[in-house]
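My questions will all concern the structure given below.
The values are calculated or read from the model by the stated rules, or taken from the named source; none is laboratory data. Because the structure is a prediction, the values reported are computed rather than measured. All Cβ positions, even for glycine, are placed from backbone atoms using ideal geometry, and neighbour counts span all protein chains on display.
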Amino acid sequence: MTNRLDESEGNTIPVNGPPVPALRKPEEDEAEGGHSVHGPEALVELYADFYESAPVAYFTCDRTGKVYSVNRAGCDLLDRNREQLLGRSLQDFLLGSEKPELEGFLGELFAGIGRASLEVHLKPGDGRDATVALEGAISRARPGGQELALLTGWDISRKREAEQLQHRADRALRALNAANQAMRWAPDEHTLLQEICHFLVRGAGYALAWIGEPARMDEQGIRVLASADLDGCLERIQDPIAWGFLPHGRGPFGQALETGKPALVANVALTPQFALWGEQAAGRGFQSVLAVPLRDEDRVLGVLCIYADEAEAFDAYELNLLCRLADETANAMVSFRARQAQYQAERERDRLVELLNATPDAVTIADSLGEILYANPGAFRMVGRSPGCESDRALLGDFLAPASAERLQQEVFPEARKAGLWMGEMTLRHAKGRDIPVAMVAVAHKDDAGQVERFSVMAHDLSQFKSQQAELERTRRLVTLGELGSVLAHQLNQPLATAMNFAQGALQRLESQDEAGSIQYGLEQILDYVRQAGEIVWGVRHFLRSGEPKARPTELNQLIRRLTPDHLQDGMHSFRLDLDLDPGLPHVKADPILLQECFSNLIQNAVDAMEAAEEEGEEQGVVTVRTRRHSDQMVEVQVADQGRGLPQDLQEDLVQPLFTTKSGGMGLGISICRSIVESHNGYFWAAPNSPEPGTTFHLTLPVCQEQKNCEEGPDGPGQGDTNRLRR
C-alpha cells in the first residue's frame, strides 16, 4: 500500500485507507519512559492491514456523504468494487425516503450534537435490501484542511428479519392468549368479538381487524359483527365490499367464506383480485390482508379479516396461530349462540306456559296410553274439577262422556297415530253430570323411531256456540214461516179439496141404496186425505219448534211417485215430467212429510221456470227427477228443468235471503229446501245444465244404516200401497 505523509498536519493518510494517527519519534517515546517496538512505517502498514481486513464495513466521507475511502467489507456490503464507490455519495445507495435522514445524521455528526448511530436500508448491487446500522465519529485527519467522518456499518438484515419473525409470532400468540382470556369473562358474543378485534389492533399491532358474516346469501352483502381500527376508517371502506363474485374476482372475504379456507393477499398493490379496494387500502397504509373463516364443522359462521401495514406480513407460523385464534373464536360463537338459543327456548317455554295457564280452552298432554301428564287450569275449569283433588293417575277417557271415551280409543288415537292429527267434535262429562260439547284436536308426537310417545289434546267448549246456533236456526225458521205458510196452504189444499169432492159425491149417492159401496169408498178416501193434511200440519209444526225432523226409514222412489199425480193434476199437463229412478236405491232415514214439502217445492220451481221460458217463446220442455247412489253413505236426488236458469249471483249463493225470480214469490223457497236437507245431515246445491238450458238442483241424504228395519219400515213396500194416491 502506498502512503503519503502530510508533515504539516502530522498525520499519515493512506490513499485507499483511513486516516492514521501521527507517528511519534523514538526520542519522544524515551522521554516518556516508553519503548517503540516498531518504526513509523511498520505501524502505518499494520493499521492499513487491519482496516482492509476488518469484518466491519468502514466508510470515510465528508459532510455530503462523498466516500473518500472504503474497506473490503464495505465493498462487499454494497456488492460493488472500490472504483464504483470512491467519489460517490452514500445517498446514492439508500432508499429515497431515507436520504434526508442520512443528511441530517451527517450534519448533526459534524456539528458535534448528532446521534451516534443510524439504521438505514442500503441497496446492494444484487437487488436485495440490506438493513445497515451506521455509527460515526469525526476523523482527526484533515487532508487539505477538510474535516472527514469515519462511518462504521454492520449488516443487521438477518437480525431484523429474525426480530420481525419473532414480533409476528409474538403478536399472534398474544392475540390468541387474549382471545382465550376474553372467552372466560365475556358476557356475550358481541363483547367477545369486539374485544378480540380491539386487541388485534391495539395489543398485537395490526392496522385493522373486523369480523363479518353474510347478511343474506341471496344478496351477498356483509354484516359487520365487530371491528377495530386506529383511524375509524372501517365504515368508509366497507361499503363497496361484497363477498360475491366481482369483475376482478372474489375478495378475500368471499374466498374464505366460499372455500372455508384462509385467503391471503400478500401485497395489495400486486393482487388483481384486490384492485377494487387496492387504492383505498394503500391510501391508509394497508399492504397485506388475511381473511380467516370462522368454521363450525362444515359450516362457515363468518370471517375474521386482519389488515397489516407491511407487505407479506403473515408468515406460516403466524398464519397457523391466527387460524387457531379463528377456531377458538368460532367455538366460542357456537357456545354463545347455543346458550342464547337455550335462553330463547326457555323464554318461549315460559311464554307458552303463561298462555296455557291463561287460555280458557282445555289443553292436556298424555302419554301413548292416554294417561294425563299435564293439564292446564282451563281443562280443570271446563270439567268443573280442581287440580288438587285428582288422583296420581288420570286418563283422558275419565273426562269424557262414555260414548266419547270409547270413540277416543277406537277412532281418535288410531287416526292420530296414523295421520299425526285428528280433528272433530267430542263430549266432555262435567263433574255435575252434564255433557259439554267440544271441538277437539289431537296431535301425535313421535320419537326418532316413528313411535308415538305423547299426545297433545286441545278442546274448545262449544256449549255457547251450540246454543247460539240453535237460536239462530230457530230465528231462521221463524223468518221462513211466511213462505212456509204459503206452501202449507198449497199442500193442504190438495187433500182438503179431494176430501170435499169425495164428501159431496157421498152425499149424492146417499139417495140411492145401490151406491152403498161407493159411499164407503168415498168416506175412506175422505178419512185418508184428512189424515194426510193433519200429518202435514203436525210435521211442519214439529220442525218449526225443534228444528229436528221426525226421521224414519223412507223409500225415496215411492215418495217421488206419490207426488207425481198431484203435480200432473195441478197444471203440469203442458209439460212432460220424466222419472229416472234407480230401482236399487236403498232406504234413507228421513221425515217423509218434510221431504215431500222439499220435493214439491223443487218440482214447482221447475214448473215455474218452464212457464217463464214458454212465455218468452221457447219450446215445451221437460222436468226430470232422478235418483242415484251418490256414495256408500249417501243417495242423491236431482230435479232438472229446461227453463231460463238461475242468475249468476244466485248460483254462487243459493241461500240469499228474500231473493226470487218469480214476480209473486217471497224468495224463501230455496232456503226452505236447504234447511230441510241440512236438517237431515245432507247437502243441497244447484248447477246449470251447460251447455243445455235450465238448472239442476241436487240434494243428498244419508243412507239408513238399519237395513232390516228400513225394509220393514212404515214406508216399505207393504204399506206404501195403502198410502199411495189412487187416480
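Give the residues of region 188-224 that are surrounded by 15 or more Cβ atoms within 10 Å (Cβ to Cβ), at pLDDT 85 or above and part of a loop (DSSP other than H, G, I, E, B), sorted by residue number.
Hits for region 188-224 are Tyr206, Ala207.
Also, quick follow-up: For region 417-438, does any single residue satisfy the condition of being aromatic (Phe, Trp, Tyr), modelled with pLDDT of 90 or more, in contact with a Gly (Cβ under 9 Å, 6 or more places away or on another chain) and in a strand (DSSP E or B)?
For region 417-438, residues aromatic (Phe, Trp, Tyr), modelled with pLDDT of 90 or more, in contact with a Gly (Cβ under 9 Å, 6 or more places away or on another chain) and in a strand (DSSP E or B): absent.
Also: Given (1) out of contact with any helix residue (DSSP H, G or I) (no Cβ under 7 Å at 6 or more places or on another chain); (2) among the hydrophobic types (A, V, I, L, M, F, W, C); (3) at pLDDT below 75, where does Ala282 come up short, assuming only one miss?
Of the numbered conditions (1) out of contact with any helix residue (DSSP H, G or I) (no Cβ under 7 Å at 6 or more places or on another chain); (2) among the hydrophobic types (A, V, I, L, M, F, W, C); (3) at pLDDT below 75, the odd one out for Ala282 is (1).
Follow-up question, since we're still on this one. Take the residues in region 160-187 that are of a type in the set (A, V, I, L, M, F, W, C) and loosely packed, with under 14 Cβ neighbours inside 10 Å, then tell me which one is nearest to the chain's Cα centre (by Cα).
Only one residue fits best here, namely Trp185.
Does region 607-630 hold any residues that are crowded, with 17+ Cβ neighbours inside 10 Å, aliphatic (A, V, I, L, M) and modelled with pLDDT under 85, and which are they?
Val607, Ala609, Met610, Ala613
Do you know which residues across region 361-381 are among the aliphatic types (A, V, I, L, M) and either over 14 Å from Ala405 (Cβ atoms) or more than 32 Å from the chain's Cα centre (by Cα) (or both)?
Across region 361-381, the qualifying residues are Ala362, Val363, Ile365, Leu369, Ile372, Leu373, Ala375, Ala379.
Within the set of pairs 6+ apart or on separate chains, which have a first residue in region 196-213 that is of a type in the set (D, E, K, R), a second that is outside any strand (DSSP E or B), and C-beta atoms under 9 Å apart?
Pairs that qualify, where the first residue is of a type in the set (D, E, K, R) and the partner is outside any strand (DSSP E or B), are Arg202/Leu230; Glu213/Leu257.
Pick from Lys446, Lys432: which is farther than 25 Å from Asn357 by Cβ, assigned by TED's automatic domain parsing to the domain that holds Thr364 and surrounded by fewer than 14 Cβ atoms within 10 Å (Cβ to Cβ)?
Exactly one residue qualifies, and that residue is Lys446.
Give the residue that is modelled with the highest pLDDT, with candidates limited to residues of region 249-267 that are polar (S, T, N, Q) and farther than 12 Å from Val289 by Cα.
If we take residues in region 249-267 being polar (S, T, N, Q) and farther than 12 Å from Val289 by Cα, then Thr259 is modelled with the highest pLDDT.
Suppose we keep only residues that are part of a helix (DSSP H, G or I) and at pLDDT 85 or above within region 358-395. Which one would you say is surrounded by the fewest Cβ atoms within 10 Å (Cβ to Cβ)?
Ala358
Then there is this: Among the strands (runs of 3 or more DSSP E) lying completely within region 8-101, list those that include at least 2 residues that are touching a Phe, Trp or Tyr at 6+ places or on another chain (Cβ under 7 Å) and modelled with pLDDT of 85 or more.
It comes to 57-61, 67-70.
Residues in region 567-591 that are at pLDDT below 85 and in contact with a Leu (Cβ under 9 Å, 6 or more places away or on another chain): how many?
3
Additional query: Show the residue pairs that are 6+ apart or on different chains and have beta-carbon atoms under 6 Å apart, the first residue being within region 437-460 and farther than 13 Å from Ile365 by Cα, the second being outside any strand (DSSP E or B).
That search, which allows pairs on different chains as well, returns Pro437/Leu462; Pro437/Lys466; Val438/Leu462; Ala439/Leu462; His460/Asp361.
Can I ask one more? Residues of region 399-408 being surrounded by 13 or more Cβ atoms within 10 Å (Cβ to Cβ) and in contact (Cβ under 8 Å) with a residue 12 or more places away in the chain, which ones?
Scanning region 399-408 gives Phe399, Leu400, Ala401, Ser404, Arg407, Leu408.
Follow-up. Are any residues in region 140-159 polar (S, T, N, Q) and either buried (at least 20 other Cβ atoms within 10 Å of the Cβ) or modelled with pLDDT of 85 or more (or both), and if so, which ones?
Scanning region 140-159 gives a single hit, Thr152.
If a residue has to be touching a residue at least 12 places away in the same chain (Cβ under 8 Å) and part of a helix (DSSP H, G or I) to count, how many in region 299-327 make the cut?
10
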